[in-house]
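Structure, as structure tokens:
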Amino acid sequence: MGAGGVDGWWWWTLSAAALASWLLDLLVRLVWRPRAVARRLRAQGVRGPPYRFFHGSLGEVRRLRAAGAGVTLDVNDHDFTPIAQPHFREWIPRYGRMFVSWFGPTPDVCVADLAVARQVLADRTGLFPKHRMNANLLRLLGEGLVLANGDDWHRHKKVVHPAFNTDKLKMMTATMAECARSMVSGWEARLAKQGKEGMVIELSGQFEELTADVISHTAFGSSYREGKQVFEALKELQVITFSTLFNVQIPGSRYLPTKQNRRVWKLDKEVRSTLMRIIRTRLAAKGKAGYGHDLLGLMLEACAPERDGDPKLLSMDEIVDECKTFFFAGQETTSHLLTWAMFLLSTHPEWQDRLREEVLRECGGRDGLHRTPTHDMLNKLKQASLGRSQHFIVFFVNLFLLETLRLYSPLAQFRRWTRSPVQLGGITVPQDALLTIPIAMIHRDKEVWGDDAGEFNPLRFDIVNGGAKHLSALLAFSMGPRACIGQNFAMVEAKAAVAAILQRFRLTLSPEYVHAPTDMITLRPKYGLPMIVSHIEE
């Protein structure tokens, strides 16, 4: 046999060996491991829908979601799980609060038991890092504080946390109130121009612009107009990301020049270039006081330490990622909180009257003096006793917003990952398993909330009358060390907007409204929120 024949034989032998190794690895990942994991969990009493080759349970999830896509609800029905989480609604009664389904070949353990969910969320050891499997989600949110893990998360938190302390929040409140007042002034101008007592306004879009304006001003020192390109690109990225959430992510597929990937790359490039333009403007404007005291200013200070040799806490790429995180997360969740709060105010007029009376008492209105709410005005009476305080605005608005968050949490679920085998609720969960915490299901659990779990009742959060246990069961902002760093920011912003609206307007749900809450990463009204807005009687 010649030298060429020997070389050819070795090449074919190595190629065959490599192919056999790849096929064996594929067989282990797609067949043997899922069956072995299912068998071990079944021995512990953990059941679930059967594993299907390659797709796992995703085909069934997509089928159930498609069946729920056409469902509409009565406006007094707050259980949107048949639309947004039909698989949990079907599988939890069948298999229990902890069951296993399959995200492709990866075991996905549902944690619908509140005590076990608390164990996961309260962990400080790093056993349950954030889930980062979806490449488009990483582009949407950036690898900032929300998705960072381990030492990276601690480093990001060290920089970002001071931007949301009480003193900073007090300064931000005036900006929030001014943005809200500008929005309602626009409504007044439209009413005056039309010469009507009331008009229909699509509120969900209004709140998207309001919260975008607030996060632009308070975190980045710019206006919604300057950040508009970022918000529009992120909205399109959100739609693309959601379309891939129930698909198996094939390794390396994000690098293929498909039509969708090319669009994602273009949008990501637009976002990054716009953010870099905002950053360069701030760098050029640096004065004696540094880069400013908002979020962007604090991050730039961390990126450029005063003393040579000091380590940089954040790189420029990490600052851009953190900006993406707060442009999206800081705007999206509060926008939907306000949308659902207005929906509930319109369908519960007795609460609208109650909140308005308190707003007018605290902030003026009937005497023509619309005082702008301050941070202290909105926050100092948070734990006031029902009916015993001269000021009620924070107490009642706070209860109302908490119940809104329970029934219509902006995020319907959280996902974590198991770094190693771990005991949860008496069950050994394997390494590299997904953990899904279905917030919407837990927030409707009658064993946690009582027989009225499906009903609207803000007084369930009255701490004076035993509401503390319910407050600790609310997972809308998560809990533990990874709880949302901006939750106080969101609540103050929402209170400022509610106060500005109720000072001037009465809300009545438009007959055009169709009640179909849908999950697009965040929970939103599928067909918008058309609302009849009219002046309150003087």
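The values are calculated or read from the model by the stated rules, or taken from the named source; none is laboratory data. Bear in mind that the values here come from a model prediction, so they are computed numbers and not experimental data. Cβ: placed from backbone, ideal geometry, glycine included. Neighbour counts: every protein chain shown.
Criterion applied to SER243, SER273, SER253 was being exposed (fewer than 15 other Cβ atoms within 10 Å of the Cβ) and more than 30 Å from ASP108 (Cα to Cα), and the one residue passing it is SER273.
Which pairs do you get when a residue that is without any contact (Cβ under 8 Å) to a residue 40 or more places away in the chain, found in the range 21-37, comes within reach of a residue that is loosely packed, with under 13 Cβ neighbours inside 10 Å, reach meaning Cβ atoms under 8 angstrom, with the pair 6+ apart or on two chains? Cβ pairs passing all conditions: VAL31/PHE53.
So that you can scan it fast, the table gives a plain yes or no per residue for (1) surrounded by fewer than 13 Cβ atoms within 10 Å (Cβ to Cβ); (2) within 24 Å of the chain's Cα centre (by Cα); (3) assigned to a strand (DSSP E or B); (4) of a type outside the set (Ser, Thr, Tyr):
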residue	(1), (2), (3), (4)
ASP167	yes, no, no, yes
THR173	no, yes, no, no
LYS196	yes, no, no, yes
MET199	no, no, yes, yes
LEU210	no, yes, no, yes
ASP213	no, yes, no, yes
LYS228	no, yes, no, yes
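For the range 454-472, the set of residues classified as charged (D, E, K, R) and part of a loop (DSSP other than H, G, I, E, B) consists of GLU455, ASP462, listed by residue number.
When ASP321, ASP294, ASP317 are checked against the criterion of being among the acidic types (Asp, Glu) and surrounded by fewer than 16 Cβ atoms within 10 Å (Cβ to Cβ), a single residue qualifies: ASP317.
Within the range 498-517, which residues are farther than 15 Å from GLU362 by Cβ and touching a residue at least 60 places away in the same chain (Cβ under 8 Å)? Within the range 498-517, PHE505, ARG506, LEU507, THR508, LEU509, SER510, GLU512, TYR513, VAL514, HIS515, ALA516, PRO517 qualify.
Restricting attention to the range 486-521, the residues that are within 14 Å of the chain's Cα centre (by Cα) and surrounded by fewer than 20 Cβ atoms within 10 Å (Cβ to Cβ) total 4.
The residue pairs whose first member lies in the range 183-212 and is closer than 23 Å to GLY227 by Cα, whose second member is assigned to a helix (DSSP H, G or I) and β-branched (Val, Ile, Thr), and whose beta carbons are closer than 7 Å, counting only pairs six or more residues apart or on different chains, are VAL184/ILE501; LEU203/THR339; SER204/THR339; PHE207/THR339; THR211/THR334.
Yes or no: the range 192-204 includes at least one residue that is at pLDDT 95 or above and within 23 Å of GLY486 (Cβ to Cβ). Yes, the range 192-204 has at least one match. Return yes when LEU475 is of a type outside the set (Ser, Thr, Tyr), in a strand (DSSP E or B) and at negative phi and no when it is not. So LEU475 does not fit the description; no.
Restricting the range 232-280 to residues that are aromatic (Phe, Trp, Tyr) and assigned to a helix (DSSP H, G or I) leaves a set whose member that is farthest from LEU296 (Cα to Cα) is TYR255. Can you find even one residue in the range 400-407 that is in contact with a helix residue (DSSP H, G or I) (Cβ under 8 Å, 6 or more places away or on another chain), at pLDDT below 95 and surrounded by fewer than 22 Cβ atoms within 10 Å (Cβ to Cβ)? No, the range 400-407 contains no residue that is in contact with a helix residue (DSSP H, G or I) (Cβ under 8 Å, 6 or more places away or on another chain), at pLDDT below 95 and surrounded by fewer than 22 Cβ atoms within 10 Å (Cβ to Cβ). Answer yes or no as to whether SER534 is of a type outside the set (A, V, I, L, M) and either farther than 20 Å from VAL184 by Cα or touching a Pro at 6+ places or on another chain (Cβ under 9 Å) (or both). No, not satisfied.
Each residue in the range 485-520 was checked for being at pLDDT 95 or above and in a loop (DSSP other than H, G, I, E, B), and 6 of them qualify. So which residues in the range 459-481 are over 16 Å from the mean Cα position of the chain (by Cα), under 10 Å from LEU402 (Cβ atoms) and aliphatic (A, V, I, L, M), if there are any at all? Across the range 459-481, the qualifying residue is only LEU471.
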